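Okay, structure first, notes after.
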Amino acid sequence: MPGQRITKVATPLPGPRSAALIERWRKAEAETTGFQAPVVWDSARGVVVTDVDGNRYIDWTSGVLVTNLGHCHPRLVQAVRDAVGKLINNYECPSEKRVLAAEALVSHLPEHLDRCFFLTTGSEATEAACRIMKRKTGAFEIVGFYGAFHGRTYAAASVGGLEGPKRRYGPTMPGVIRAPYPYPYRSPVGGGDAGLIDYCMTRLEETVRANSTGALAGVMVEPYLGAAGFIFPPDGYLTELEKWCRQKDILLTLDEVQSSYGRMGKMWAMDWENLTPDLVAIGKGIGNGIPTAAIAARSDVIGVLASGELSSTVGGNPVSSAAVIAILEVMDEEKIADNALRMGKLMKERLEEIKDKSRHLGDVRGRGLVMGLELVEDKKTKEPAAELTRRLIVRCAENGLLIGSVGIFGNVIRVAPPLTINEAEAHESLDIMEKSLLELEK
Ligand SMILES: Cc1ncc(COP(=O)(O)O)c(C=O)c1O
């Protein structure tokens, strides 16, 4: 019915059933997860989540940029149901579903990436990329970036540039050389985007000259820094970085675990600058919650691996393969990336208006349906406002909106709803964000 509210939160949070479950959970499962609103999810459809107390929320998290097609898309649910009753696992053996999934994925990649291999998690994909870069070049040094997140496994955490996955887990993998990634909101130099790109490229060159033993294998980079705070480099930076790799004759891995499958308004982030990375790590949206991931590569690069060198116990199983196929069909038929671009523009415009009304919303950035809202104590000093960020997460949930935070300083709200969000859902959720933020600023 037009005008009817989508969200409804009728209990204080946590509601009674949520509170009881959270208490039991803490006694059974180790408490290692990050800060979240105290809500126990029961079910979800599209962008709407219902908790175990019957409260309804709009979701700006998509899990963590996973359910790009909307929660429980009926085509995906049906495909998985059909597959699971027939064959669940056959390890490395091909199944018809695996063959079709590989063909479908390769046909959606830029032409030069003509092979893929199915794995289970994003970390497994970035880990595999590190191994392949080393095997192909016979060298061992990998350039990574401050603030990068590629996962929590050994090579992934070592190449990443955040303290969380590494601190107290030393020693890390030898051969990682780390360079600065452009952070326009906190640029250390003047000269706008061009000045910042120039600064980062100069520092990269200097750092490599000072630290490399002459055994560079490649570069691993995110199209935007995800976990570090949805930090988007100026247009043209990734093109410069790719050129630099070509000049050095080393490989380039693009970590598209979270930036792909329409998230940035195109199928792949690399489409924005027509990049030609040698390897691409894919995760999250490829399975929309069904655990699957993949590495995409040029055949002459991944072809260096001998038989038996790369496999994964449940990677490419018939159930996740059925999911891969159904998801790509829906992406095409429902023009998911186009909706992300259109709705991203609409939402960004309103978020800019909210920024103008707010004392603490310092920066709104992003493309498509991945945007960061950086909260600061003061717009002049830009001192990070981590405590306010946590309070905003809870207040938004109380008002019917589920959000999460990221950031080196813990002060960036993720705006990453399912890519199927419509105008009514967008406006209602933006109203909640505006109300919640301004309530906290009173
Ligand atoms: C850019 C990027 N790479 C890798 C990973 C690791 O993926 P997973 O948690 O599936 O291992 C993540 C997860 O957030 C990510 O955002």
Rounded to whole angstroms and listed largest first, the alpha-carbon spread of segment 85-208 along its three principal axes comes to 59, 36, 32
Computed, not fitted: 222 nm per-residue ellipticity of the chain from DSSP H runs ≥ 4 (each -39500 (n - 2.57)), nearest 500, equal to -12000 deg cm²/dmol
If N is the residue count of the chain, its Cα Rg over 2.2 N^0.38 Å rounds to 0.97
For segment 256-269, in residue order, the Karplus 3J(HN,Hα) values (coefficients 6.51, -1.76, 1.60; θ = phi - 60°; whole Hz; Gly and Pro = x) are 9, 4, 10, 8, 9, 6, x, 3, 8, x, 9, 3, 10, 4
Spelling it out for residue 251: with amide H atoms placed in the peptide plane at 1.01 Å from N, the residues 5 or more places away or on another chain with amide H under 5 Å from its amide H are 218, 219
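If you take every residue apart from residue 188 with its C-beta less than 13 Å away from the C-beta of residue 188, what net charge results, scoring Lys and Arg +1 and Asp and Glu -1? Mind showing how you got there, number by number?
Working: positive: 186, 203, 382; negative: 198.
Here the count lands on +2.
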Checked against the positive end of the charge dipole of the chain (+1 on Cβ of Lys and Arg, -1 on Cβ of Asp and Glu, about the Cα centre), the farthest of 33, 285, 305 is 33
Length gained, residue 424-residue 43, 0.36 nm per residue minus C-alpha separation, equals 135.1 nm
Note on the chain, DSSP bridge orientation, antiparallel percent to nearest 5 equals 65 percent
With +1 on the Cβ of every Lys and Arg and -1 on the Cβ of every Asp and Glu, the dipole magnitude of segment 134-199 about its Cα centre, in debye rounded to the nearest 20, is 440 debye
Treating every alpha carbon of segment 147-226 as one equal point scatterer without solvent, the Debye formula yields log10 I(q)/I(0) values at q = 0.16, 0.21, 0.25 Å⁻¹ of -0.68, -1.06, -1.25
accessible surface per residue for segment 308-442, probe 1.4 Å, DNA/RNA/ligands not counted, whole Å² -> 38 Å²
With the dipole of the chain defined by +1 on each Lys or Arg Cβ and -1 on each Asp or Glu Cβ, the option from 437, 126, 264 whose Cα lies farthest towards the positive pole is 437
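Starting from the alpha-carbon convex hull of segment 189-264, give the projected area averaged over all orientations, in nm².
Values: hull surface 23.5 nm².
Reported value for the Cα convex hull: 5.9 nm².
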quick shape note, segment 35-94: Cα extents on principal axes in Å, largest first -> 42, 23, 20
TM-like helix rule applied to the chain (DSSP H, alpha carbon span at least 30 Å on the long axis, mean Kyte-Doolittle at least -1.0) gives 336-357
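Among rounded, prolate and oblate, which fits segment 278-425 when a ≥ b ≥ c are the square roots of the eigenvalues of its C-alpha gyration tensor, a/c under 1.5 means rounded, and a/b larger than b/c means prolate? Show your work: numbers first, answer last.
Working: a/c = 2.44, a/b = 1.87, b/c = 1.30.
Taking the square roots of the gyration eigenvalues as a ≥ b ≥ c, segment 278-425 is prolate.
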Sorted by chain and number, the residues with a modelled amide H under 5 Å from that of residue 145, at a separation of 5 or more or across chains, are 161, 179
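To the nearest 20 Debye, how big is the dipole of the chain about its Cα centre, given +1 on the beta carbon of each Lys and Arg and -1 on that of each Asp and Glu? Present the calculation step by step, with values, prior to reporting the outcome.
Values: 52 positive and 56 negative charges, 183 e Å.
That gives the chain a dipole magnitude of about 880 debye.
Arrange the residues 333, 127 by how much accessible surface each exposes, largest first, with a 1.4 angstrom probe. Mind dumping the intermediate values first?
Details: 333 120, 127 45 Å².
Result of the area sort, largest leading: 333, 127.
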Amide H proximity to residue 115 below 5 Å, modelled H, separation 5+ or other chain, gives 297, 299
Label model pair residue 77, residue 26: point-to-point distance (7 angstrom along the Cα→beta-carbon line) in nm is 3.3 nm
Once phi for every residue in segment 164-169 is put through the Karplus expression 6.51 cos²θ - 1.76 cosθ + 1.60 (θ = phi - 60°), the whole-Hz ³J(HN,Hα) values, with Gly and Pro written as x, are x, x, 10, 4, 6, 10
Cβ-Cβ cut-off under 12 Å around residue 73, Lys and Arg +1, Asp and Glu -1: the net charge is -1
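The values are calculated or read from the model by the stated rules, or taken from the named source; none is laboratory data. Note that the coordinates shown come from a computational prediction; the quantities given were computed from them, not determined experimentally. Backbone-built Cβ (ideal geometry, glycine too); neighbour counts: all protein chains shown. In case anyone asks, the SASA skips ligands and DNA or RNA and just uses the protein heavy atoms, side chains included. Shrake-Rupley method; radii C 1.70, N 1.55, O 1.52, S 1.80 Å.
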